[in-house]
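Asks: Dropping a structure here in structure tokens format, bear with me for questions.
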Amino acid sequence: ACGGGRGRTGTALACLAVLDGVPPERAVDFVRRNYDRRAVETLWQKRYVLRFADGR
């Protein structure tokens with residue numbers, strides 16, 4: 001269950017950052033710097049951001 005607002009929320013924010021022009025390989029770091037340093041918690045979430053960028 002999601003309770004901390006980091007994993008899935010961070011993933012969604014990284015995808016929004018990609019839509020706003022942040023390169024996908026930098027989106028996770030961008031979210032960690034500007035939202036929560038522990039955002040996007042798993043390798044699968046990081047991969048999702050890259051796949052999201054490929055599919056837009």
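Asks: Given the structure, is Ala17 in contact with a helix residue (DSSP H, G or I) (Cβ under 9 Å, 6 or more places away or on another chain), in a helix (DSSP H, G or I), surrounded by 18 or more Cβ atoms within 10 Å (Cβ to Cβ) and not hydroxyl-bearing (Ser, Thr, Tyr)?
Replies: yes
Asks: Does the stretch 13-53 hold any residues that are hydroxyl-bearing (Ser, Thr, Tyr) and out of contact with any Ser or Thr (no Cβ under 7 Å at 6 or more places or on another chain), and which are they?
Replies: Once the filter is applied, which keeps residues that are hydroxyl-bearing (Ser, Thr, Tyr) and out of contact with any Ser or Thr (no Cβ under 7 Å at 6 or more places or on another chain), the stretch 13-53 yields Tyr35, Thr42.
Asks: Okay, moving on. Only one of these conditions is not met by Tyr35: (1) surrounded by fewer than 11 Cβ atoms within 10 Å (Cβ to Cβ); (2) touching a Leu at 6+ places or on another chain (Cβ under 7 Å). Which number is it?
Replies: Evaluating Tyr35 over (1) surrounded by fewer than 11 Cβ atoms within 10 Å (Cβ to Cβ); (2) touching a Leu at 6+ places or on another chain (Cβ under 7 Å) leaves (1) as the failure.
Asks: Further question: Please determine, by comparing only the residues of the stretch 1-19 that are over 11 Å from Ala53 (Cα atoms) and of a type in the set (Gly, Ala, Ser), which one is modelled with the lowest pLDDT.
Replies: Across the stretch 1-19, the extreme among qualifying residues is Ala1.
Asks: If I go through the stretch 20-45 residue by residue, how many of them are assigned to a helix (DSSP H, G or I), among the charged types (D, E, K, R) and free of Cβ contacts under 8 Å to residues at least 24 places away in the same chain?
Replies: Total meeting the criteria: 4.
Asks: Limited to the stretch 20-31, what total is found for residues that are over 16 Å from Gly55 (Cα atoms) and surrounded by fewer than 17 Cβ atoms within 10 Å (Cβ to Cβ)?
Replies: Here the count works out to 2.
The values are calculated or read from the model by the stated rules, or taken from the named source; none is laboratory data. Just so it is clear, the model here is predicted, and its values are computed rather than measured. We place every Cβ from the backbone using ideal geometry, glycine too, and count neighbours over all the protein chains shown.
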